[in-house]
Structure formats: C-alpha cells, structure tokens
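Here is the structure we will look at, set down as structure tokens.
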Amino acid sequence: MKLTLHVWRQKSRDDKGRLEIIEANNVSTHMSFLEMLDVVNEDLIAKGIDPIHFDHDCREGICGMCSMVINGVAHGHQKGTTVCQLHMRYFNDGDHIFIEPWRAKAFPILKDLVVDRSALDRIMRAGGFISVRTGGAPDGNAIPIPKDDAEKSMDAAACIGCGACVAACPNASAMLFVAAKVSQFAYLPQGRVEREKRVSAMVAQMDAEGFGSCTNHYECEAVCPKEIPASMIAKMNREYCRALKKETCGESAKSWAGA
Amino acid sequence: MNNTAVARARSFPLVLVTSSIAKKFVMALTGFVAFGYVVGHMIGNLQIFIGQNQINAYAKALHSMGPLLWLVRGFLIVCIVLHIWLGAQLRIENWVARPDGYARKKSLKTGLPARTMIWTGALIFAFVIYHILQFTVRSTDPRFEELFDTLGRHDVYSMVILGFQNIWISGFYIVAVGLLCFHLSHGIWSMFQSLGWNNKRSERWLQGFAWIFASVMFLGYISIPIAVLGGFLKLPGGVAL
Ligand code: HEM
Ligand code: FES
C-alpha cells in the first residue's frame with residue numbers, strides 16, 4: 001500500500017523543526033511500523049537524503065526505546081502496544097500518518113523523533129532502587145510476600161519507562177512513570193524500608209526536571225503500552241502523604257529530611 | 001537540568017507550596033472545604049421552599065453567630081485564596097512543561113470539565129464576588145436594604161424573589177451554577193485521587209458519584225430562580241414594589 005507520512009524533521013536540538021511530507025510506497029501490511037520506517041529510510045538514503053532518526057532497540061515491546069506520537073496518539077492507536085509492536089495492517093492504503101516526537105520541556109528533541117529521556121533516569125537515580133549489600137542470591141521465599149502484594153508490585157514493575165505517559169499528558173506530567181516506579185517497591189517488604197525517603201526524593205527530582213503535574217485527565221493510562229492504571233498515581237500520593245507525615249511528626253525526620 | 005544534578009527533597013512546611021503532589025493535596029483539601037460549603041449553602045437556600053418565616057429565621061440565626069460567623073468566613077476565604085493561588089500556579093507550571101504542542105493530538109479519555117478547570121474556576125470566582133455584592137453586601141439593588149418582615153427581620157425571602165424576577169439575573173445565576181457544577185463533576189472525584197483515596201475498583205464509582213452529585217446540586221440550585229420565574233415563589237402581601 002501507499003502512505004503519506006507527515007514526519008517531524010529537526011536537524012538538532014537548536015533547529016526549529018518542521019513537519020515534512022514523505023511518500024511511502026511499497027508498504028506491506030506485514031511490516032511493523034518501525035520496519036515501514038526502515039524501508040522509507042533506505043529509500044531516502046538511496047536518494048542521498050538524511051534518513052528519519054528514531055529511537056528503537058528490542059523491537060519486541062520490552063525495552064521502551066521506541067517513542068513516537070502517531071496521528072495524535074503516543075505509540076499509535078492500538079491499545080497496550082508499543083510502536084515497534086504496531087503493525088501496518090491497522091492502516092489503510094492512502095492514509096495520511098502524522099509522526100511526531102514526544103513533546104515535553106523535560107524531553108528535549110535531539111534529532112527528528114529522537115528525544116533525550118535521561119530526565120527519567122535521573123528520577124530513578126534519586127530513589128528508584130533499594131539499598132542492599134550485594135552478595136550471594138538470597139533463598140527463594142526467604143521473605144514471605146502475600147500473593148496480592150506480589151501481583152500489584154509486578155503490575156507496577158511492568159513499566160518500561162518509555163515516556164508515553166509524559167507525551168500523552170496535556171501537562172507533560174511524568175506522574176504515571178514515577179507512580180509505577182514508587183509502587184513496585186512500596187508493595188514489597190524489601191522496598192518498604194526506604195519508602196518515605198524514596199517517594200520524597202523521586203518526586204522532588206521529577207519536579208526539578210520540569211515535568212508538569214497530574215490533573216487527572218487519564219490520557220497516560222489510555223496510551224501506556226503496559227496498561228498501567230492511572231489509579232497507580234493515587235498509590236504514589238498515599239506514599240507521599242505518608243512521607244510528609246513522617247517528616248513532620250516522625251522521630252526519624254532529621255535523618256533523611258534533606259535526602 | 002544537567003546530567004548529574006539531583007534535586008533535594010524539601011522539608012515541611014515549604015514542601016506544601018513547592019512540591020507538585022503537596023500542592024495537589026492542598027488543592028484537594030481546599031476544594032473539599034469549598035465543596036462542603038457549597039453543599040451546605042444549597043441546603044440552606046432550599047429552605048426558601050418551606051416559606052418566608054423559615055428562610056428569614058435561618059438567615060437571622062446565621063447572623064446572630066457573631067464572631068463565629070467571621071471565623072467561618074475567614075476560614076473559607078483562606079481556603080479559596082489558597083485554592084486559586086495554587087490552582088493558577090499548577091496551571092502555569094503545566095503550560096510551561098509543554099512549550100510546543102503537537103500538530104495532531106487526540107484526547108482519548110479526558111473531557112471538557114477536566115480541561116477547563118482553570119476557566120470554570122475563574123468564572124466561578126467572578127460570580128462569587130457578584131453574588132456576595134448582591135445578597136450579602138446588598139449593594140446592587142437599593143430596594144434590598146429596605147425589606148423587613150412582620151417580625152422586623154431582614155426579609156431574605158422577598159429579596160431573593162425580587163432579585164430573581166429579573167430574567168437576566170436569573171439567567172446569569174443559572175449559567176454560573178452550571179459552571180460550578182461542571183467544575184465539580186471533575187473536582188469531586190479528582191480530590192479523592194489527589195489524596196490517594198482511589199484504586200482501580202473505586203474509580204468508576206467515584207466518577208459516577210461525582211457526576212450524579214454535581215447534577216443534583218445543579219438542579220437544587222437552579223430550582224430557586226426557576227420557581228421564581230415560573231411564579232411558584234411569589235412575593236408576600238405587603239411587599240409592594
Ligand atoms: C466554590 C467554589 C469552588 C469549589 C467548590 C471548587 C472545588 C474544587 C475541587 C473539589 C477540586 C478538585 C481538587 C483536586 O483536583 O484534587 C478543584 C480543582 C481545581 N479548582 Fe476549584 N473549586 C472552586 C473554585 C475555584 C476557583 C475560584 C478556581 C480558580 C480560579 C478554581 C480552580 C481550580 C483548579 C485549577 C483546579 C485543579 C483542577 C485539576 O486538578 O484538574 N476552583 N476545585
Ligand atoms: S523498541 Fe523496545 S519497546 Fe519498542
């Protein structure tokens with residue numbers, strides 16, 4: 001089939017950027033969206049034109065690298081799917097497809113569809129871990145964990161950190177991401193030790209990076225390729241409330257207030 | 001942000017006005033207070049249907065609370081100021097967070113109430129100012145100061161009827177209350193989410209509850225101007241203007 005792509009082209013961080021029309025001929029319905037772009041790029045290279053730059057890695061929906069807003073929807077209109085898992089059979093011959101990068105102040109565009117998402121890494125570095133001495137692997141089930149909690153933690157841990165929540169949010173808020181990363185630990189005994197410190201530090205970093213804040217539009221949940229529910233943000237808010245309480249009333253307030 | 005900078009968590013009480021989530025807590029709590037007031041105010045107003053004596057006695061009872069009345073008013077004013085201040089601040093931060101928009105953007109879940117909170121809020125504020133000038137300060141209509149019932153109380157009953165007999169004033173009131181309930185249709189469930197009192201199961205119920213509650217409040221409030229315009233609530237004999 002034949003498609004007309006309207007692709008965001010931007011030479012560098014400082015370039016203004018613009019939508020360019022690129023015709024894609026010979027698109028097979030068996031291709032994934034990224035394979036379609038590969039074919040278009042080969043064509044561009046053959047013509048001596050700079051290919052469309054986009055992020056990708058695993059191409060099996062687990063790494064969270066692929067990132068584009070397709071016809072106004074982050075990762076495209078197929079629910080619970082990353083761009084790499086989106087297939088061309090969901091498009092029709094003659095379609096016009098708008099392809100734009102994630103847009104947020106905290107995600108500067110580097111080139112075309114490639115944005116710098118290291119703000120998310122810095123949020124992880126602020127508290128998205130547990131402090132343990134590494135050593136021999138602990139015995140399985142040494143720490144009993146209720147099935148319910150294990151399930152909830154796993155649901156949160158499904159987040160691949162792609163940043164679609166930020167891209168879709170009218171406020172460019174990263175709260176669904178942070179909520180998932182806070183909750184995956186907060187449901188487990190290993191994570192509870194540092195829970196207050198963690199949520200406090202991660203939220204502070206999130207704010208410092210210039211992300212917006214949640215006003216409950218639920219656009220994030222609608223595009224999340226791992227279908228993480230926006231109610232996860234309520235869990236983060238509970239954790240944060242706990243941290244505030246501990247900080248104001250708890251004995252250990254001093255030990256980590258400036259963490 | 002450069003690659004190594006790590007933000008420091010702020011401590012109480014500064015965190016309440018600097019952290020995004022703490023600000024949302026304050027929004028929700030002040031919103032809840034305003035919501036509580038709006039519900040109470042509607043129930044108070046509906047006493048007009050019981051009769052002139054009831055509503056005038058109610059108004060008199062409120063005014064005889066003296067310093068307590070001002071304590072309550074002061075608390076409400078502080079809450080509204082915080083609500084507006086933080087609401088505006090969050091809104092501006094959220095605009096700044098997305099400096100360049102998309103050429104194409106589809107909304108999948110959000111609705112008009114959620115997207116217009118700051119505008120419905122601002123219009124509600126403008127209305128509240130007018131409403132206070134009209135019925136509390138009574139500076140919009142010279143007749144309102146002169147109304148007394150047979151017991152010598154200020155005649156709130158006749159004042160409301162006189163006010164709403166003007167179709168423009170009634171119309172403006174109905175639109176304003178509509179905007180308030182629009183704000184609340186998102187706000188009522190939003191505050192639960194903001195305070196963390198929500199999960200996947202409660203969500204549908206909270207959203208349904210918010211819509212129903214906002215609709216009931218809309219009907220409750222507009223029943224008064226409609227009853228006046230429809231001639232169901234009439235001026236008592238003796239009030240001839
Ligand atoms: C009687 C008047 C009002 C009531 C009952 C009310 C109620 C509420 C409630 C319950 C919320 C939800 C809080 C949350 O998201 O957690 C809210 C949010 C909000 N209100 Fe109000 N409010 C009133 C007046 C105003 C005014 C005067 C403004 C400002 C101009 C305003 C602006 C906002 C904004 C910007 C939000 C945040 C919206 C969001 O999170 O999506 N409100 N309000
Ligand atoms: S390329 Fe890894 S998730 Fe799409």
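The values are calculated or read from the model by the stated rules, or taken from the named source; none is laboratory data. Nothing here was measured: the structure is a model prediction, and the numbers come from that model. When we count neighbours, we look across all protein chains shown, and the Cβ atoms used for this are built from the backbone with ideal geometry, even at glycine. Accessible surface is based on the protein model in full, side chains and every heavy atom, while ligands, DNA and RNA are left aside. Shrake-Rupley method; radii C 1.70, N 1.55, O 1.52, S 1.80 Å.
Residues of the stretch B:19-62 that are more than 25 Å from B:LEU184 (Cβ to Cβ) and free of Cβ contacts under 8 Å to residues at least 60 places away in the same chain: B:SER19, B:ILE50, B:GLN54, B:ALA61.
Conditions tested, residue by residue: (1) surrounded by fewer than 20 Cβ atoms within 10 Å (Cβ to Cβ); (2) over 13 Å from the mean Cα position of the chain (by Cα); (3) modelled with pLDDT of 95 or more.
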site: B:SER170; (1), (2), (3): yes, yes, yes
site: B:TYR173; (1), (2), (3): no, no, yes
site: B:LEU180; (1), (2), (3): no, no, yes
site: B:PHE192; (1), (2), (3): no, yes, yes
site: B:ASN199; (1), (2), (3): yes, yes, no
site: B:TRP205; (1), (2), (3): yes, yes, yes
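A single entry from A:ALA126, A:ALA74 fulfils the requirement of being surrounded by 20 or more Cβ atoms within 10 Å (Cβ to Cβ) and more than 16 Å from ligand 2 (Cβ to nearest atom): A:ALA126. Taken as a whole, the condition of being open to solvent by less than 50 Å² (accessible area, probe 1.4 Å), away from ligand 2 (no atom under 14 Å from the Cβ) and basic (Lys, Arg) applies to A:ARG9.
Just one residue in the set B:LEU108, B:LEU14 is under 30 Å from A:GLN10 (Cα atoms), over 23 Å from the mean Cα position of the chain (by Cα) and not small (Gly, Ala, Ser); that residue is B:LEU108. Summed over the stretch B:46-67, the residues that are under 23 Å from B:GLY152 (Cβ atoms) and open to solvent by 60 Å² or more (accessible area, probe 1.4 Å) give a count of 9. None of A:LEU37, A:LEU3 is under 19 Å from A:HIS87 (Cβ atoms) and within 16 Å of ligand 2 (Cβ to nearest atom) except A:LEU37.
Report yes if some residue within the stretch B:75-93 is of a type in the set (Gly, Ala, Ser), within 11 Å of ligand 1 (Cβ to nearest atom) and under 24 Å from B:VAL128 (Cα atoms); otherwise report no.
yes
Of all residues in the stretch A:201-220, those satisfying the criterion of being open to solvent by 10 Å² or more (accessible area, probe 1.4 Å), in contact (Cβ under 8 Å) with a residue 12 or more places away in the chain and not in a loop (DSSP other than H, G, I, E, B) are A:ALA204, A:CYS220. Within the stretch B:90-109, not a single residue is loosely packed, with under 15 Cβ neighbours inside 10 Å and touching a residue at least 24 places away in the same chain (Cβ under 8 Å). For the stretch A:134-165, which residues satisfy the criterion of being among the acidic types (Asp, Glu) and more than 30 Å from A:HIS77 (Cβ to Cβ)? The answer is A:ASP139, A:ASP148, A:ASP149. For the stretch A:164-191, filtered to residues that are crowded, with 24+ Cβ neighbours inside 10 Å and in contact with a Phe, Trp or Tyr (Cβ under 7 Å, 6 or more places away or on another chain), the residue that is nearest to A:PHE129 (Cα to Cα) is A:ALA174.
Scanning the stretch A:190-226 for residues that are of a type in the set (Phe, Trp, Tyr) and in contact with a helix residue (DSSP H, G or I) (Cβ under 7 Å, 6 or more places away or on another chain) gives a single hit, A:PHE211. Got at least one residue in the stretch B:73-86 being open to solvent by 70 Å² or more (accessible area, probe 1.4 Å), under 30 Å from B:ALA210 (Cα atoms) and more than 21 Å from the chain's Cα centre (by Cα)? The answer is no; no qualifying residue exists.
Filtering the stretch A:11-36 to residues that are in contact (Cβ under 8 Å) with a residue 24 or more places away in the chain, within 15 Å of A:PHE98 (Cβ to Cβ) and out of contact with any helix residue (DSSP H, G or I) (no Cβ under 6 Å at 6 or more places or on another chain) leaves A:GLY17, A:LEU19, A:ILE22.
The residues listed here are A:ARG18, A:ARG59; of these, the one that is on the phi > 0 side of the Ramachandran plot, open to solvent by 10 Å² or more (accessible area, probe 1.4 Å) and not assigned by TED's automatic domain parsing to the domain that holds A:ALA164 is A:ARG59.
Among the residues of the stretch B:49-72, those identified as over 20 Å from B:VAL137 (Cα atoms) and of a type in the set (A, V, I, L, M, F, W, C) are B:PHE49, B:ILE50.
Answer with yes or no whether A:MET175 is within 14 Å of chain B (Cβ to nearest Cβ) and among the aliphatic types (A, V, I, L, M). Can you show your working first?
Details: within 14 Å of chain B (Cβ to nearest Cβ): yes; among the aliphatic types (A, V, I, L, M): yes.
Answer is yes for this residue.
Return the only residue of A:GLU209, A:GLU239 being at pLDDT 95 or above and within 28 Å of A:ARG103 (Cβ to Cβ).
A:GLU209 is the lone residue from the list that is at pLDDT 95 or above and within 28 Å of A:ARG103 (Cβ to Cβ).
Checking each residue in the stretch A:27-64 for being among the basic types (Lys, Arg) and more than 24 Å from A:CYS159 (Cα to Cα) picks out only A:LYS47. Would you check which residues across the stretch A:25-76 are farther than 22 Å from A:PHE107 by Cα and either within 16 Å of ligand 1 (Cβ to nearest atom) or part of a loop (DSSP other than H, G, I, E, B) (or both) and list them? Residues satisfying the conditions are A:ASN25, A:ASN26, A:VAL27, A:SER28, A:THR29, A:HIS30, A:MET31, A:LYS47, A:GLY48, A:ILE49, A:ASP50, A:GLU60.
Scan the stretch A:76-131 for residues that are basic (Lys, Arg) and either within 12 Å of chain B (Cβ to nearest Cβ) or within 20 Å of A:ASP55 (Cβ to Cβ) (or both) and jot them down. Correct list: A:LYS79, A:ARG103, A:LYS105, A:LYS111, A:ARG117, A:ARG122, A:ARG125.
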